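Contents: one structure, followed by commentary.
The values are calculated or read from the model by the stated rules, or taken from the named source; none is laboratory data. Computed from a prediction, not measured in an experiment: that's the story for all the values here. Because the Cβ atoms are built from the backbone with ideal geometry, glycine has one as well, and the counts that use them run over all protein chains shown.
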Amino acid sequence: MWKKAAYFFEKDNMRQQKITVSVLGSHSSDGVVEDFVYNVGKIIAEMECVLVCGGLGGVIEIVSKGAKEAGGQTIGLLPGIDKNDANPYIDIALPTSIGFARNAMVACSADIIVALPGSYGTESEICYGLVYKRPVVDLGNWNIPGMIPVQGLEDFKHRLRQLIEAVRN
């Protein structure tokens, strides 16, 4: 008879792990304020969270660069089979071979989700995050019910700090 592995579900055991913040955003950086996105990554790293993302270019590369240059750790869940597809700021590249289906993994692996500007792929990740009952911070003017709206970097930093405390408790 198998014993139930209750320790997997105990909150105290989970909080020994680092907080993961999945960042969602476009594969391009057209029209994006690069300093803003870079600073989002930097703030995540300064709060000692691990940044999880799709691992490719565009907005995701900029936010990964901010986290990496601030001393943070980055994980990229890649859509294909080649680790070399990851942007240069990804510490751990995990090829999934499942294309856009990996969007569910990006959302599910998060304790907290941050949504930057993007398109349909980003929107699907937002929806997965809401389905999985993860707090989803809106930094991309998505205005989707259930998301947490923030205004600017200071508001983001304050709200992220609150969400991290809630996850730890």
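There is at least one residue in the stretch 113-120 that is in contact (Cβ under 8 Å) with a residue 40 or more places away in the chain, farther than 16 Å from Ser22 by Cβ and touching a Ser or Thr at 6+ places or on another chain (Cβ under 9 Å). Kindly check whether there is at least one residue in the stretch 154-167 that is of a type outside the set (Ser, Thr, Tyr), assigned to a loop (DSSP other than H, G, I, E, B) and surrounded by 14 or more Cβ atoms within 10 Å (Cβ to Cβ). Within the stretch 154-167, none of the residues are of a type outside the set (Ser, Thr, Tyr), assigned to a loop (DSSP other than H, G, I, E, B) and surrounded by 14 or more Cβ atoms within 10 Å (Cβ to Cβ). Can you tell me which residues in the stretch 32-53 are at pLDDT 95 or above, part of a loop (DSSP other than H, G, I, E, B) and either of a type in the set (A, V, I, L, M) or on the phi > 0 side of the Ramachandran plot (or both)? Hits for the stretch 32-53 are Met47, Glu48.
Of all residues in the stretch 121-131, at least one satisfies being in contact with a Pro (Cβ under 9 Å, 6 or more places away or on another chain) and within 27 Å of Asn169 (Cβ to Cβ). Just one of the numbered conditions (1) at pLDDT 95 or above; (2) touching a Gly at 6+ places or on another chain (Cβ under 7 Å) is not true of Ser29: (1). Each residue in the stretch 90-131 was checked for being among the β-branched types (Val, Ile, Thr), surrounded by fewer than 17 Cβ atoms within 10 Å (Cβ to Cβ) and in a helix (DSSP H, G or I), and 1 pass.
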